[in-house]
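Every read-out reported here was derived from the displayed coordinates using simple, explicitly stated rules and does not represent laboratory data. The model shown is predicted, which means the values in this text are computed figures rather than measured ones. In this analysis, Cβ positions are derived from the backbone assuming ideal geometry, glycine residues included, and neighbour counts consider all displayed protein chains.
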Protein chains: 2
Amino acid sequence: MTAGKLTRKVTLLAGGVGGAKMADGFQQVLPPGELTVIVNVADDFELFGLHISPDLDTVLYTLAGSADPATGWGIAGDTHAALEMLGRLGAPTWFSVGDRDLATHLRRTELLAGGRSLTDVTEALRTSLAVPSRILPASDQPMRTMLQTDAGELDFQTYFVARGQRDEVRGVRFAGLPEARPTEAALRAVREADLVVIAPSNPIVSIGPMLELPEMREAVAGARTVAISPIIAGRALKGPADRMLVSLGHDASALGVARLYTGLVDAFVLDEVDAELGPEVERLGMRALPLPTVMRSPVARASLARAILDA
Amino acid sequence: MTAGKLTRKVTLLAGGVGGAKMADGFQQVLPPGELTVIVNVADDFELFGLHISPDLDTVLYTLAGSADPATGWGIAGDTHAALEMLGRLGAPTWFSVGDRDLATHLRRTELLAGGRSLTDVTEALRTSLAVPSRILPASDQPMRTMLQTDAGELDFQTYFVARGQRDEVRGVRFAGLPEARPTEAALRAVREADLVVIAPSNPIVSIGPMLELPEMREAVAGARTVAISPIIAGRALKGPADRMLVSLGHDASALGVARLYTGLVDAFVLDEVDAELGPEVERLGMRALPLPTVMRSPVARASLARAILDA
């Protein structure tokens, strides 16, 4: 109950759905404005001539209380009239865009075209939707996750949505690096946080690109940091993180994730069902914190956030 | 009944709603593919970073059988979820854009950005929507109707939609002229038509800009041409044509419109309620054809088209 009083300024590194749920948990338990979410932008892409930032949108909608509870992404109750018509007009329809969601892409694209940074645009959007937490893109410069597969190199959305994650990932690179810089705001949010939290997002394609940004890994390593495992009992709750870990030579386990964060975090939250991995995690030089990490409801999100702040 | 057999190739010059209804009438009575509609583009504008062509859209939707019957523009049954969300995100909402309609703007803008001409893009859109008639923008180059009012010079959509036509129009110019050229396809459609029809659209801001394009007035004058009055009993059925005629020094009457087309048309259709103006119209050197011109229903559109072809 009193957790938020000691640790006030929390900065969360987040990808899409899992990261957004964790963000919502912290937003619920912290005083308004004390949470900053740094969001992966390496999944961003262009569709219909629009700049789409899937992870920023998922965090934005979730923190605005308007995310679709069935999927975790998109806007609850959104319709798809424009997408259906776009299909009739010959446009690709493999990426689901709701009508309200489309408005976000349009507004973002228009403001970016007017010369504003993605950071500024995101701030305008979250203010419009009365989101109390700051949402910061990890970078204002383009960086794109590219995946090596037997079907060739695929950009993230082609791999993830268009091809339904069916390709085995044999390598990953982040196009745009090392030119892309973390934003000053993001670096400052990490450096000035009482606690940096790495969300239970895919460590390779959601958290990975943010940590690859120059100075970001060092900033996170220098902070008081806790990470949460996105792998529970060897499986990702959502998405291909488990298969990706294996195909890239890691363990599809909380321990495998913890290894990726060695030297970076002070503590590691693994699900209570994986508690027996705790001692091995601790041998990596981090505290192991077994907790119930499945965020099935808004209440569960807040409970996890509170437990992390208490620990 | 046999009209379409003698006069097969009809080219219609059209603005928005009235022009689109006339186009639908001819499309109903002519063999598929024999109608070409040349459409005003001087009302085009940018909104949400998208290229919007209101008159092309109205003609497109009407000929696809999907125009909103209540308004004559937009798509029947369209929803407005994106526009509502755009408003929440701080975008202007004075121009009504439905969700399906937005798809058209998106697709057009994307294809234009890819380097295709407005003519090519319009052809792709009408083909996607299975419209049997050709729809040709009058020009592939930007031209914009600018109106002089006591509130200063206003672009057309600001005057027409945002300010609700409340300003008295004291002057008109077409920005982009004389650089803008009519398309080769539009000029050819006029020159090769068995009959050129000037729709009952606003003669100043819908038909006017097309006739101002280099070579277009000469091409129309050289063809067998009939115009239809948009003014009935001194009033425009829709829009500000009547007030605009008066404030620019013309008569708000079928005769006033006929005078604007002197030397250009061989025949002039005026509504039967204005039949007494016939002799004065004929003194301008054109046949006067009193007909029922109010197109209250699809059947009425076809009847008017057939009567024109018969006359």
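What does the net charge come to around A:Pro298 if you take all other residues with beta carbon closer than 13 Å to its beta carbon, with K and R at +1 and D and E at -1? Cβ neighbours under 13 Å give a net charge of +3.
Considering only alpha-carbon pairs that sit under 8 angstrom and 6 or more positions apart, the relative contact order computed for chain A is 20 percent.
Could you compute the net charge surrounding B:Arg163? Neighbours are other residues with a C-beta less than 12 Å from the C-beta of B:Arg163; K and R count +1, D and E count -1. Its environment carries a net charge of -3. Annotation: the antiparallel percentage among DSSP beta bridges lying fully within the protein assembly as shown is about 40. Taking a straight Cα-Cα cut-off under 13 Å and skipping sequence neighbours fewer than 8 places away in the same chain, the aspartates and glutamates within cross-link reach of A:Lys9 are A:Glu34, A:Glu192, A:Asp194. The fraction of all Cα pairs in region B:120-269 landing in successive 5 Å bins from 0 to the largest distance is 2, 9, 16, 19, 20, 18, 11, 4, 1, given as whole percents. Distances from B:Glu215 to itself in the other copies, using label points 7 Å out along the Cα-Cβ axis, amount to 5.9 nm in increasing order. With distances taken between every two different alpha-carbon atoms, region A:56-189 has a Kirkwood hydrodynamic radius of 16.7 Å.
Each other copy holds its own label point for B:Ser297; taking that point as 7 Å from Cα along Cα to Cβ, the gaps run 5.9 nm, nearest first.
Sequentially through region B:39-44, phi angles give Karplus couplings (6.51, -1.76, 1.60; θ = phi - 60°) of 10, 4, 10, 6, 8, 4 Hz, Gly and Pro residues having no value and appearing as x. Relative to one another, the C-alpha centroids of region A:137-216 and region A:63-136 are positioned 20 Å apart. Take every Cα-Cα pair in chain B and report what % of them are more than 36 Å apart. Tail of P(r) above 36 Å: 11 percent of Cα pairs. Averaged over the residues of B:38-51, the number of partner chain Cβ atoms lying within 10 Å of the residue Cβ comes to 2. Provide, for q = 0.17, 0.19, 0.22 Å⁻¹, the log10 of I(q)/I(0) from a solvent-free Debye sum over equal Cα point scatterers in region B:1-132. Rounded to two decimals, the profile gives -0.90, -1.10, -1.38. Couplings for region A:198-207, taken from phi via the Karplus curve 6.51 cos²θ - 1.76 cosθ + 1.60 with θ = phi - 60°, read 9, 5, x, 9, 4, x, 8, 10, 9, 7 Hz in order; Gly and Pro are left as x. Listed by Cβ neighbour count within 10 Å, with the fewest neighbours leading, B:Met146, B:Met85 appear as B:Met146, B:Met85. For the segment A:83-94, counting C-beta atoms of other chains within 10 Å of every residue's C-beta and taking the mean gives 5. Across region A:38-102, the volume of the C-alpha convex hull divided among the residues equals 83 Å³ per residue. Proximity of backbone amide H atoms, modeled 1.01 Å from N, is registered between B:Leu289 and B:Phe268, B:Val269, B:Leu270 at under 5 Å, excluding neighbours fewer than 5 places apart on the same chain. Length gained on full extension, A:Val273 to A:Arg191, computed as 0.36 nm times the residue gap minus the Cα-Cα distance: 26.3 nm. The residues B:Phe45, A:Phe95, when put in order of fewest to most other Cβ atoms within 10 Å, stand as A:Phe95, B:Phe45. In this rough spin-label picture, where each label sits 7 Å from Cα along the Cβ direction, the A:Arg296-A:Glu179 distance is 4.8 nm.
FRET efficiency for the B:Arg163 to B:Thr71 pair, using the beta carbon distance and R₀ = 22 Å, is estimated at 0.75.
The slack in the chain from A:Ala233 to A:Val246, taken as 0.36 nm per residue of separation less the alpha-carbon distance, amounts to 3.3 nm.
For chain A, adding -39500 (n - 2.57) for each run of n ≥ 4 DSSP H residues and dividing by the number of residues yields -10000 deg cm²/dmol at 222 nm. Within the listed set B:Asp242, B:Asp140, B:Asp150, the Gaussian network model of chain B (springs between alpha-carbon atoms below 10 Å) gives the highest mean-square fluctuation for B:Asp150. Remark on A:Leu50: its backbone amide H falls under 5 Å from none of the residues 5 or more positions apart or on other chains, H modelled at 1.01 Å from N. The phi torsions of region A:286-294, fed into the Karplus equation with coefficients 6.51, -1.76 and 1.60 and a -60° offset, translate into couplings of 9, 5, 9, 10, x, 9, x, 9, 7 Hz, rounded to whole numbers, with Gly and Pro shown as x.
With the gyration tensor restricted to C-alpha atoms of the protein assembly as shown, the semi-axes of the equivalent ellipsoid amount to 62, 23, 19 Å, longest first. Cα convex hull of region A:212-309: mean projected area in nm², to one decimal? Result: a mean projected hull area of 6.5 nm².
Model label points for B:Ala311 and B:Asp266, set 7 angstrom from Cα along the Cα-to-Cβ axis, are 1.4 nm apart. Ascending distances from the A:Glu276 label point to its copies in the other chains, with the point 7 Å along the Cα-to-beta-carbon line: 10.3 nm.
Across peptide B:95-106, the mean count of Cβ atoms from other chains lying within 10 Å of each residue's own Cβ comes to 6. Which stretch or stretches of region A:190-218 have amide N atoms under 15 Å from the point lying 7 Å from A:Arg8's Cα along the Cα→Cβ direction? Inside the label zone: A:192-195. In this structure, the amide hydrogen of B:Thr149, modeled 1.01 Å from its nitrogen in the peptide plane, lies closer than 5 angstrom to those of B:Leu154, B:Arg170, counting only residues at least 5 positions away or on a different chain. In units of the compact-protein estimate 2.2 N^0.38 Å, region A:75-145 shows a Cα radius of gyration of 1.27. Oblate is the label for region B:169-252, because the ratio a/c of its alpha-carbon gyration tensor axes (a ≥ b ≥ c) is 1.5 or higher and a/b is not greater than b/c.
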